[in-house]
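In what follows, a structure is listed as structure tokens, so that the remarks can point back to it.
The values are calculated or read from the model by the stated rules, or taken from the named source; none is laboratory data. These numbers come from a predicted model, not from an experiment. Heads up, the Cβs are rebuilt from the backbone with ideal geometry, glycines too, and the neighbour counts pull from every protein chain shown. Calculation scope for accessible area: heavy atoms of the full protein, side chains included, ligands and nucleic acids excluded. Shrake-Rupley method; radii C 1.70, N 1.55, O 1.52, S 1.80 Å.
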Amino acid sequence: MRTDSKRLETWLTLAGGFLLIVLLPALNVLPLPEFLKVSDFTINLYGKYLCYAILAISVDVLWGYTGLLSLGQALFFTLGGYMMGMYLMRMIGTLGQYHQPIPDFLVFLGWSKLPPFWQPFDSFAFAMLMALVLPGALATLFGFLAFRSRIRGVYFSILTQALTYGACLLFFRNSLLMGGNNGFTDFKFILGHDLRSAGTQRGLYIATAITLMLVLVGCRWLSRTKFGLVQQAIRDSENRVLFSGYAAAHYKLFVFVLCALVASIGGVLYVPQVGIINPSEMGTEKSLEAVVWVAVGGRGTLVGPILGAFGVNALKSWATRAYPDLWLIFLGVMFVLVTVFMPRGLVGIPDQLRELAARFQKRKTDAEPPVTGIEPDKSLP
Amino acid sequence: MTYRAWLKSLRSAPWMCWISTMLLLSGLARAAETPPAQPADSVIRSRLAKAVLAEGDEQKKEILSLAATGSKVVREVLNAWPKDRILLFAGENDTKIPALIEDETDSDGKARAVRIDTGAFLSDASGKPLKFAAADITTAETDSDLRRTLQQGLDAMALADPIPDARKTAILKLGNSQKLQNLPLLRDRLAIESNAEVRKAINESIALLQLGDPDPAVQKEAVIQLGKLEAIGSLDLLKKIVAKESTPSDIRREATSSIQSIENHIGVVNFVGTIFRGLSLGSILLIVALGLAITFGLMGVINMAHGEMIAIGAYTTYVVQNLFGTGFAFSITLPFSFGGKPIGFGLSLPGLNATGAFYESYFLVAIPLSFLMAALAGLVIERVVIRFLYRRPLESLLATWGVSLVMQQLFRMVFGANNVQVSSPSWLLGHFNLSDVLFGYNRVFVIGFAIFIVLGTYMLLTRTPLGLLIRAVMQNRDMASCIGVRTQRVNQLTFAFGSGLAGLAGAFLSQIGNVGPSLGQSYIVDAFMTVVVGGVGSIVGTVCSAIGIGTADQILQQATGSPVTGKIVVLVAIILFLQWRPGGLFSIRSRSLD
């Protein structure tokens, strides 16, 4: 059964990769009749979804493959976004409202020259480095502390949520000099290219799509190595892994840091395409939303999160316009239904149907007591 | 001390008796302070009318003696007199009728006047009230001497006010007036004053006034006295004395030591205040987290919709308040239509239009109702969602988050996206003052409320058959089921009880904060942290951690000068604390592997 879904996954990956990296941009740029044309708006929207998909993969590698439900992935995503945002803020130059060489909000806060920690962000390379170092360092510190004292399961979720909440409060403060609750916006240029031009946005879109594919392939490779097997063993029974002589904490720490970096890269690509970053992006509900995408798409698979991120966000874009009042109710009900009745998500539906059919057959032959369609969870120790 | 022993002491709790006795005593003390016997109103009125017309020393003497009666009419007249609002109406036979012109004027700028001697309106032959314009009337004249007497009378009246707090305010105002002629007034009052707080205020005011005394000996005595009284209000004046060049060295020395002792006192006051606020914040956390300690700690269900249970409690209070007032109504139109008609639903409940004490008693009705409503909602959620997830705690987190989204949106649709107004009953407003520390009634109430809820929960869990079943199921669901406990039923009841506790928290939170659709969200992280720090499954742990976190939060807020920084420090401290005790304060030890 698993081989079927694996083959499906390979095909979906290849087809999706081609569609996203080559076909969509081509349809956008080639002179085609109107009905085939993909608008600039769609490219931008899909670019956003792709960033969400990267975030979703990072959640999935943690949750679906290692059994760590982190509610702090939005924090790392936003941290990466902030680092990119700092670079983009510096690139505005004197084109801001106040026509000062420093970002507008600093002028507003009464600064006349750049605070020292802002200065190196003139360099794109430094900003990118920081987008890896900062979330990486935070994840290392937090992960080290959490895994060392064997905080796991629900407690890990609650602690990551608290971490995110604390960071969110911190970024809302003006005195952090990171834009307070308005965050960063009004970006103009990236690496000398105008962010408002369709060409730049298309370039960013392609970069995002390629990154997503690389992340996908990388994670798939990792999940098939010995490391990946240990990782999945930790998910299935951490104690057995411990008794077998593996230092589970080290594995978990590595995965946690890796996923923080992946999420951060997603954030880096997200900010120039969306054009704004503020602390509400790191609220606890954003992390939970990312978990929803994974759950809907199907955790424990790598295609699932991408499907989930696209599906739920496309649904959200439509529903927030069509039924602005009812959208949250849709989301909530969908989430309850998926969690209760579809623990394996969209990707798992074929398997689930097949199992149901098999059960139905079996029940016909030897009138067994009825069973529910829910499989006991394997991720529990 | 083991925690069982601690609980035992909590149960016998002599301090509970103390608190109730003290509350009782303060009530009695209040009842005992009835105003002194007064001459009848009509006698005062006729004397007052005469006094207005009298002259010279006799007039002044009469005014002061009238002021001593503390009558409301006298106060009105004394206030109105210097403002030229006492009319001298020319009556028959060349008599003059003094009357008080009302503040309220009609469109022509004319006002009616009340006869001081009878209390009736001045009227013409047909009984219609006469109206007077300010420009064309003769008013009772005052000279500076008389005005001083009037002010003296008013001050004396304020000092004789039956409400101790009002007396105290008046006394401190006199103390800060820096007029030595007010001294005899204060001394007279000191001779008859019985309330200790007010006596202290009088002594303080006398000393404050004496600071301006030309005699250095008196001044020195006053400085020492202020230091002894730890009078916070005198700090600025004392500092001025120290700073002044001409101050004799011995007075300066005394003033410095007085300042020192006052500042020490301020330190103590701030500390006690912080601890008190910390305790009340801890109690709020406790009330919020206790329900979670049941559903999460005992049942292992991560209920992210716990915050919305709190909101249900708060909204129930809001609805009950409206039902006691003008009624409650809402209507929702869904963006779908059926057969051309839009689908929608609504509800309209008439109100009782209650006023006064009856209206304010709405809160007493709201408390049990909010418990019931939240428990009901909990019951439904348990049946619809959670019963599928008892063996998948991580997923119960996700599903209940979905529930919380739905509920928030429902709140938004029914009650609007903005905060709703919940007014506090008057007995929860205000504060009392114990040696300069302010104790807000609502904060005292929340502490009492928390104690009550914790004791109730503890009793339920340890002293009732239901509690026994709950503990059995929580310890080992399968085993309990094997020996015939109806675990499904117990789960239902336990979850409903935990949710009901959240509803109680909501009822209280509606009194101290905003009630809005995302009310629960602001408490949910704190509540989970409280339970995790306390040790999952331990009610005592939750109590300790709630109080500890609340107090630490207040102390850090004071120390860092910003609520947000304080909160962040607390969160970091919690993460570090869990390094030291991963299982929380009171972790349950067992041999099982997780």
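Descriptive notes on the structure:
- Compared with the dominant principal axis of the Cα atoms in chain A, helix A:153-171 is inclined by about 10°.
- Residues of the range A:275-291 that lose at least 40 Å² of accessible area (1.4 Å probe, protein heavy atoms only) when the other protein chains are present, relative to their chain alone, are A:Leu288.
- The stretch between B:Lys72 and B:Ser481 holds 139.9 nm of extra length on full extension. This uses 0.36 nm per residue minus the Cα-Cα distance.
- Using the Cβ-Cβ distance between A:Arg240 and B:Arg591 with R0 set to 22 Å, the FRET efficiency works out to roughly 0.80.
- With protein chains left intact and a 1.4 Å probe, residues in the range B:537-590 average 45 Å² of accessible area per residue.
- Added length on full extension, which subtracts the Cα-Cα distance from 0.36 nm per residue, B:Leu455 to B:Lys83: 128.0 nm
- Note on chain B: with charges restricted to the Cβ of Lys and Arg (+1) and Asp and Glu (-1), its dipole about the Cα centre is near 2860 debye.
- Most positive-pole-ward Cα, B:Val422, B:Asn270, A:Phe227, against dipole of the protein assembly as shown from beta carbon charges: A:Phe227
- Considering only B:Thr560, B:Leu493, B:Leu122, the residue lying farthest towards the positive end of the dipole of chain B is B:Leu493, judged by Cα position with unit charges set on Cβ.
- Estimated vicinal HN-Hα couplings, Hz - the range B:428-442 in sequence order (Karplus 6.51, -1.76, 1.60; Gly, Pro = x): 9, 8, x, 7, 10, 10, 10, 5, 6, 8, 8, 10, x, 4, 5
- Whole-Hz Karplus values for the range B:460-475 come out as 4, 6, 10, 10, 10, x, 4, x, 4, 5, 4, 5, 4, 5, 5, 6 Hz, taken residue by residue from phi with 6.51 cos²θ - 1.76 cosθ + 1.60 and θ = phi - 60°; glycine and proline positions read x.
- With each label modelled as a point 7 angstrom along the Cα→C-beta vector, the A:Thr10-B:Asn419 pair spans 6.0 nm.
- Solvent-accessible area lost in complex, 20 Å² minimum, residues of the range A:214-252 relative to chain alone, 1.4 Å: A:Asn239, A:Phe243
- Every Cα-Cα pair in the protein assembly as shown was counted, and those over 39 Å apart are 59% of them.
- Phi angles across the range A:49-63 convert, under the Karplus curve 6.51 cos²θ - 1.76 cosθ + 1.60 with θ = phi - 60°, into 3J(HN,Hα) values of 4, 4, 4, 4, 5, 4, 4, 5, 4, 5, 5, 5, 4, 6, 8 Hz, Gly and Pro given as x.
- Looking at chain A, the accessible area is 44 square angstrom per residue; that uses a 1.4 Å probe and ignores ligands, DNA and RNA.
- Carbon/sulfur fraction of accessible area - the range B:103-188, other protein chains in place, 1.4 Å, %: 48 percent
- Inter-site label distance for B:Glu55 and B:Gln558 at 7 Å from Cα along Cβ, in nm: 6.4 nm
- Close amide H pairs (under 5 Å, H built 1.01 Å from N) link A:His193 with no residue at least 5 positions away or on another chain.
- Spatially near lysine pairs across the range B:47-145, Cα under 29 Å, sequence gap of 8 or more or different chains: 28
- Residues in the range B:349-393 that, when all protein chains are in place, have 40 Å² or more less accessible area than the chain alone would give (probe 1.4 Å): B:Phe388, B:Arg392
- Rounded to the nearest 10 degrees, the inclination of helix A:349-365 to the longest alpha-carbon principal axis of chain A is 10 degrees.
- Using Cβ point charges alone (K and R +1, D and E -1), the dipole size of the protein assembly as shown about the Cα centre works out to roughly 4080 debye.
- You can think of it this way: the chain between A:Asp122 and A:Leu353 has 77.7 nm of extra reach, that is 0.36 nm per residue less the Cα-Cα gap.
- Chain pair A, B: total accessible area buried, heavy atoms, 1.4 Å probe, Å²: 4300 Å²
- Accessible carbon and sulfur surface of the range A:1-154 relative to its total accessible area, %, 1.4 Å: 70 percent
- Angle of helix B:216-229 to the longest C-alpha principal axis of chain B, folded into 0 to 90 degrees and rounded to 10: 20°.
- Relative contact order %, chain B, counting alpha carbon pairs below 8 Å whose residues are six or more apart: 14 percent
- The residues of the range B:47-145 present an accessible area of 60 Å² per residue when probed at 1.4 Å with all protein chains retained.
- Nearest-0.05 FRET efficiency for B:Lys128 and B:Ser177, computed from C-beta distance (R0 41 Å): 0.35
- Each residue, B:Tyr441 and A:Trp221, gets one label point 7 Å from its Cα in the Cβ direction; the gap between the two is 7.2 nm.
- Using R0 = 56 Å, the C-beta based FRET efficiency linking B:Ser522 and B:Glu221 works out to 0.55.
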